[in-house]
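Have a look at the structure below before the remarks.
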Amino acid sequence: MAIKVRFNGLEIDGNLLPLFSGTFHYWRSAREDWPFIFDQIRSLGFGVVETYVPWAVHELAEGDFDFGKSDPRKDLDAWLTLAHQKGFKVLLRPGPCINSELPDFGYPERVLFDPSLAALDAEGNPVVLSHQTSSFAVPSYANEALFEAFDVFLSALAPVVQKHLHPHGGVVALQVDNELGYFFMPEAYAMDYSPASLRLWSHFLDLKYRQLAALNKAWGTSHKSFDEAPAPRRAPAEGAGRDALRQALDWVEYKEYQVLWALGRLSELYRSRGLGAVPFFHNFYGPWTTPFNVADIEADAGIDFCGLDSYPHAEGALAAVDQARYLSVTSRLAYFPEYGAGSWPFGFKVRDLHDQACTMLAPLMGGARGLNFYMVVERERWLGSPLDVRGRRREGMASLFDRFNAFLKDADWSKASPMNQGLLLHSREAQQHEAAFDRPATFAEWRFVPAELRRSPEPAGLLGEGAPLASEERAFYEATRAYCAEKHYSFSIADSAVAGDRLQRHAFVLATLPAFVDENLARRLRRYAEEGGLLVLGPARPGLNTRFEPLRAFEGLDLEDGKPLAVGDGRVLWLRRFDEKAVASFLRKGKVFADTELSDPTLELAAHKSGGRLLLFVRNPHDTERNAKVQREGKFVLKPLWASGKFLGAVEERDVVLAPHEIKVWEVIPVS
Amino acid sequence: MLSRHCTIEDLDLDQWKRLASLAMAHWRCRRLFVAHEGGVVRRCLDTVAGEQPLPFAAVTDAQAQAEELLALRRADGVEMVWVLDLEAFHLALSAAQASLDPKAGITDYLALEWAQRFRPGACAVAPAGEYLHYGLPWGRLERFVSRMLPASCTYVLGVFDGDALWASCLVQFQDHKVVGISTSAALEPEDVRDVTGLDQHPFLLAAVANRYRRPAFGWFCSRTDFEAWMLAHTAQDKEEIFQKALMAKRAVFDFSILLDRGMTVLGPINPGEAALAGADRESNPRTRIPDPGEPGPSAI
């Protein structure tokens, strides 16, 4: 493959292409407007465009497709040719699912209305999604018939796309499906209990346990085949034993596997149709916790990089910062395949100019290396883009994008990387433990019932006397995050997939663990400490592996609550409950101090280096203006990169002012 | 009522933001949830204040208890009380999914879901009322659309803040289905330039009728009345606000087309008949897809 995925973009024939792009849906703009629209996208500063390819829009009847023969707006070949002529690189997203605010998410009605393809809920009813202007039963991604139906479209599409794949044309990456993973309904028992999914579940158990005896031992059962093992439909209730929890956790793990399996199946289809000459990528709709597993998708699903989508409002930009913090240590390329530029009309809140201005830098603050702005060209069922449906600038919005692309150049962003001192490890085991106590839910319940009531009560003692509940693990993780933010440590976020070498890059690790952890993770954490790292773990002191057998990796560690323990060249501190003073003392003794501090602890901070330059991001999470002193050792000047103000003289502390929800960026220049 | 393939375009960002904010206010209102299992109360959750002491031990008459609790807590700012058996509620909504008719569209399905929610033992909500969706009394609207409207027409909402058009929504109906939603951004700038205040509403109506070649009718009111109407929790309260505004001449409901189909108030042409006769919109320079060189409606 002539294109390689690098941490900061795509390397194409030896040249780096940073993935900053904008979405332009060819079939939603008049064909005669295309040239002007491309020029306008270029004038915003973008050299890469992205589009979906809508299966339902191109399909006239089963096996009969219109790629421009009747409707010139559907002439994908012409659009790709024009993009190439205009010097654009293209990211193409052919589905099968595209959402795209279409009433059927891009599936033809004949597929979507086929009851045999529907995913089923825990009661055996089809899972209905009400979205935009339609209600439809979502398809099961365990069903081979769905992939066969899609393959008919893919085989018709492939000849059109193949001739535009790099080096013949501008297409440099393909997205396999869109936001695959239970249609915004990740709760463990929400779906999928269709016959196809239950067959896949048996296959998963076979893969996991290999021997029926191993399954029966873990589950406390006497099944005669993996097909007999029932899929849990409710969380373990009062009176349930540890084996019921094991079964529930297996179902939670299976939910991750189904996503991986389906993406693997689809990427295989893409390759079989001759589209494997460019990298494949995927996007989860936002969450990075179970059932979404970025690292596994990149390892085993034939996907080269997997990103997260985000449409934050001004007050919620921190979620995007954390998504990027997670991607920057988990994915090969920390990338947002969809990042809000405008919004869909029926969301909870319309994104406006203020939202756009306050959120554009959030992914960069967290360490993102690429963003696709969805949508830079407005269209039906969308509003607030920098260009209207015919490519004319909406001045307020458009000038923000001019400024953003200028900032990328000024900051030399392709060379930047986060300078994170700490790492928050929210273990996948803790996530799965929490998910095992979801309640079954429909989309309607998701709309009406608060999240607190969509959880089942967890019986105490399932994992041993005194073992923390999932809710305590959640509280521990949130406390670790709040601590790092308040102390102005620049930090990354990871799950159990974090590689050993990435752990080593951090001066300290705050790990949220349940009573059971994967042996490999425990081994990596122990090695991290032995090689000089500072490890804080809690709220559990893990004693079990993921099969609930004794954990070997922590053998010999005599951990006592709140007492640091020397392990090799490093130290380990176990806390049953997060204790800010204990952690502060632990880090102080380890000589770890925040490099930069702000006099207002409620402001968020992140530091990046770019070449030899130090970039400082500060975000005001409040809805009132805030000012604070920037404090660092030695004298320095702050050069505004995304901030008003002058390049002032050298000082030891500098006042900065931030408007409500604003993010600003300065280059910190030390002065001797 | 809402066509699955309804077009949603030419949305003015500020106007739509105002409308959406009011429509979603219904979802953001402060609620008290009393969760029970077969009548035994397990939890009480306030969406603002969090976990609460159990207000009663057992559910005997869910609706009456919800009403009573709302009366008690209204002074604290609670706007709605739900008494629900989480498992029964789940089963009711799960069953609704089995009755989906995908061709019928979202509004039919959501109405079905609404009916299922109130299956005995599942859920009781105070204040009890008609089905509201996005703050709109959906059942009442559906009855109105199916019985009162001509097959092809456009509804115009014009909300004025002083002289300025604060929000607008243009809803096109065809065969009693909503087939298009837009705002005044869909109109030629010169057509709305003179619409400066409530008394100018006929010009807005005429501009819309011409733009979509469908007879138009509409509700025009002050921002204050519109906000009160959208934020009211029951269809009855909405009706009262609507009528009071009409009587005080702070609002106009211009429904002449409902009496005389095909006629618009100041229509220079007769778009209603043209539309009813199935005239091609592309043949009309005012409604066809514009040429690339000329500024289109979304330039406003």
What pairs can you find where one residue is in segment A:623-641 and under 26 Å from residue A:404 (Cβ atoms), the other is of a type in the set (Gly, Ala, Ser) and modelled with pLDDT under 90, and their Cβ atoms are less than 6 Å apart, with a gap of 6+ or different chains? A:637/A:650
Which of the following residues is assigned to a loop (DSSP other than H, G, I, E, B) and in contact with a helix residue (DSSP H, G or I) (Cβ under 8 Å, 6 or more places away or on another chain): A:124, A:169? A:169
Wholly within segment B:1-63, which strands (runs of 3 or more DSSP E) include no fewer than the required count, namely at least 3 residues that are facing chain A (nearest Cβ under 9 Å)? B:2-8, B:31-37, B:40-46
Grab the helices (runs of 4 or more DSSP H) fully contained in segment B:86-173, keeping just those with 2 or more residues being hydroxyl-bearing (Ser, Thr, Tyr). B:106-117
When you scan segment B:156-181, how many residues do you find that are among the polar types (S, T, N, Q) and either surrounded by fewer than 22 Cβ atoms within 10 Å (Cβ to Cβ) or within 20 Å of residue B:252 (Cβ to Cβ) (or both)? 2
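Consider residue B:154 carefully, then state whether it is more than 13 Å from chain A (Cβ to nearest Cβ) and hydroxyl-bearing (Ser, Thr, Tyr). Explain how you work it out, then say what you get.
Numbers: more than 13 Å from chain A (Cβ to nearest Cβ): yes; hydroxyl-bearing (Ser, Thr, Tyr): yes.
Spelling it out, residue B:154 is indeed more than 13 Å from chain A (Cβ to nearest Cβ) and hydroxyl-bearing (Ser, Thr, Tyr).
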Enumeration of residues in segment B:74-114 that are within 11 Å of chain A (Cβ to nearest Cβ) and among the small types (Gly, Ala, Ser): B:92, B:94, B:95, B:96, B:98, B:99, B:104, B:105, B:111
Among the residues of segment A:467-487, how many are surrounded by fewer than 22 Cβ atoms within 10 Å (Cβ to Cβ), touching a residue at least 12 places away in the same chain (Cβ under 8 Å) and assigned to a loop (DSSP other than H, G, I, E, B)? 2
Test for residue A:206: is it farther than 21 Å from residue A:291 by Cβ, outside the structural domain of residue A:545 (by TED's automatic domain parsing), in a helix (DSSP H, G or I) and out of contact with any Cys (no Cβ under 6 Å at 6 or more places or on another chain): no
Are any residues in segment A:179-203 closer than 21 Å to residue A:447 by Cα and in a loop (DSSP other than H, G, I, E, B), and if so, which ones? A:179, A:180, A:181, A:185, A:186, A:187, A:188, A:189, A:190, A:191, A:192
For a quick check of your reading of the model, give me the residue pairs whose first member lies in segment A:6-35 and is free of Cβ contacts under 8 Å to residues at least 40 places away in the same chain, whose second is surrounded by fewer than 21 Cβ atoms within 10 Å (Cβ to Cβ), with beta-carbon atoms closer than 6 Å and at least 6 apart or on different chains. A:11/A:4; A:32/B:292
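Suppose we filter A:87, A:22, A:47 for residues that are in the same structural domain as residue A:282 (by TED's automatic domain parsing), at positive phi and modelled with pLDDT of 95 or more; which single one remains?
Answer to the selection: A:87.
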When restricted to A:315, A:395, the only residue modelled with pLDDT under 95, over 23 Å from residue A:19 (Cβ atoms) and either surrounded by fewer than 22 Cβ atoms within 10 Å (Cβ to Cβ) or among the β-branched types (Val, Ile, Thr) (or both) is A:395
Which number in (1) in contact with a Lys or Arg (Cβ under 9 Å, 6 or more places away or on another chain); (2) surrounded by 21 or more Cβ atoms within 10 Å (Cβ to Cβ); (3) under 30 Å from residue A:79 (Cα atoms) marks the one condition that residue A:150 misses? (1)
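Residue-wise test of (1) assigned by TED's automatic domain parsing to the domain that holds residue A:142; (2) within 27 Å of the chain's Cα centre (by Cα); (3) touching a residue at least 60 places away in the same chain (Cβ under 8 Å).
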| site | (1), (2), (3) |
| --- | --- |
| A:227 | no, no, no |
| A:230 | no, no, no |
| A:235 | no, yes, yes |
| A:242 | no, no, yes |
| A:259 | no, yes, yes |
| A:265 | no, yes, yes |
| A:282 | yes, yes, yes |
| A:289 | yes, yes, yes |
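Yes or no, residue by residue, for (1) surrounded by 17 or more Cβ atoms within 10 Å (Cβ to Cβ); (2) farther than 22 Å from residue B:132 by Cβ; (3) free of Cβ contacts under 8 Å to residues at least 40 places away in the same chain; (4) touching a Gly at 6+ places or on another chain (Cβ under 7 Å):
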| site | (1), (2), (3), (4) |
| --- | --- |
| B:16 | yes, no, no, no |
| B:21 | no, no, yes, no |
| B:31 | yes, no, no, no |
| B:45 | yes, no, yes, no |
| B:62 | yes, no, no, no |
| B:66 | yes, no, no, no |
| B:73 | yes, no, no, no |
| B:78 | yes, no, no, no |
| B:81 | yes, no, no, no |
Just one of the numbered conditions (1) in contact with a His (Cβ under 9 Å, 6 or more places away or on another chain); (2) in contact (Cβ under 8 Å) with a residue 60 or more places away in the chain is not true of residue A:103; which one? (2)
Take the residues of segment A:437-453 that are at pLDDT 95 or above and more than 8 Å from chain B (Cβ to nearest Cβ): which is nearest to residue A:249 (Cα to Cα)? A:437
Residue check, residue A:127 β-branched (Val, Ile, Thr), within 14 Å of another protein chain (Cβ to nearest Cβ) and over 23 Å from the mean Cα position of the chain (by Cα): yes
Only one of (1) within 11 Å of chain B (Cβ to nearest Cβ); (2) touching a Gly at 6+ places or on another chain (Cβ under 9 Å) does not apply to residue A:122, and that is (2)
How many residues are polar (S, T, N, Q) and at pLDDT 95 or above if we restrict to segment B:100-140? 0
Could you go through segment A:377-397 and let me know if any residue there is free of Cβ contacts under 8 Å to residues at least 60 places away in the same chain, of a type outside the set (Val, Ile, Thr) and more than 10 Å from chain B (Cβ to nearest Cβ). yes
Given the conditions (1) of a type in the set (D, E, K, R); (2) crowded, with 16+ Cβ neighbours inside 10 Å; (3) assigned by TED's automatic domain parsing to the domain that holds residue A:86, report the number of the one that residue A:217 does not fulfil. (3)
The condition from (1) within 18 Å of residue B:5 (Cβ to Cβ); (2) away from chain B (no Cβ under 11 Å); (3) among the aliphatic types (A, V, I, L, M) that residue A:146 misses is numbered (1)
With (1) within 19 Å of residue A:496 (Cβ to Cβ); (2) touching a residue at least 60 places away in the same chain (Cβ under 8 Å) as the list, and residue A:526 as the residue in question, which single condition is left unmet? (2)
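The values are calculated or read from the model by the stated rules, or taken from the named source; none is laboratory data. Everything numeric here is computed off the predicted structure, so don't read it as measured data. All Cβ positions, glycine included, derive from the backbone under ideal geometry; neighbour counts span all protein chains shown.
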